[in-house]
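To start, the structure itself, in structure tokens.
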Amino acid sequence: MAFELPPLPYDFSALEPHIDAQTMEIHHDRHHGTYVNNLNGAIQKHPELEGKSVEDLLSDLSSVPDDIRTVVRNNGGGHYNHSIFWQIMSPDGGGEPSGGVAEAISEAFGDFASFKDALSKAAIGQFGSGWGWLYLSGGRLSIKGFPNQDNPIMDGGVPIMGVDVWEHAYYLKYQNKRPDYVAAWWNTVNWSAVNDRYSQYR
Ligand SMILES: [Fe+2]
């Protein structure tokens, strides 16, 4: 069964004014859509991989055949990352977390403001295209910037929430002002979905 582009769980304009509708449409339909198509194209060359989940592929890239490994890393990573990204944003987003993830954030980073600052810095400071991720590693919450479409799952971690800092995520509205986009992005975070991911994987 081929991988499919998941529908966006809200309208393209739902995250306005923080993320504009045109950016959302291009980002979801074209960028994410292309990752899905390219991933399917690679898997077609190796039918023995059909039926593997994207998590299976990314968490064990060394077992993916040489000739498609980079394509799977970049496009499987793109599919996986964006599938999480749409879910952890919401038109009713923003504010501060509650529940288990809030406690874990305070435990790991001191308080919410320190956590917000650390994830923002990781995202803003990621040179070139990439992501800032909050993830579980060895049972602990960590924060790091990852290049391209890499994801903590490639290093044995579990991604909890991430912010896309590829220029395609913000350039139409924010041009080169990545810090302004990241600051606005916090107003979209769906803490309920983030807490669900944390509760599921902790
Ligand atoms: Fe993206």
- In whole percents, the bins of 10 Å from zero upward hold the Cα-Cα pairs of the range 99-201 as 16, 49, 31, 5
- Positive-end extreme of charge dipole, the range 20-87 - chosen from ILE68, ASN40, HIS79 (charges on Cβ): ILE68
- Message: Going Cα to Cα from LYS173, which aspartates and glutamates come in below 16 Å? Please leave out same-chain ones fewer than 8 positions away.
- Response: GLU16, ASP20, GLU25, ASP164
- Report the charge-dipole magnitude of the chain in Debye, nearest 20, computed about the Cα centre from +1 at each Lys and Arg Cβ and -1 at each Asp and Glu Cβ. 400 debye
- Per the helix-only calculation at 222 nm, which mean residue ellipticity applies to the chain, given -39500 (n - 2.57) for every DSSP H run of n ≥ 4 and division by its residues, nearest 500 deg cm²/dmol? -12000 deg cm²/dmol
- Message: A 25 angstrom limit on the alpha carbon distance is what I want to check against. Which of LYS52/LYS121; LYS116/LYS177; LYS144/LYS177 exceed it?
- Response: LYS52/LYS121
- Item | Over the chain: Rg over Rh, Cα atoms, Kirkwood Rh | 0.96
- Item | Unit charges on C-beta of K, R, D, E only; dipole of the range 63-142, Debye | 240 debye
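Every number in this text was worked out from the coordinates using simple rules, so none of it is lab data. Keep in mind it's a predicted model, so treat the numbers as computed, not measured. Positions of Cβ are backbone-derived with ideal geometry, glycine not excepted, and every protein chain shown enters the neighbour counts.
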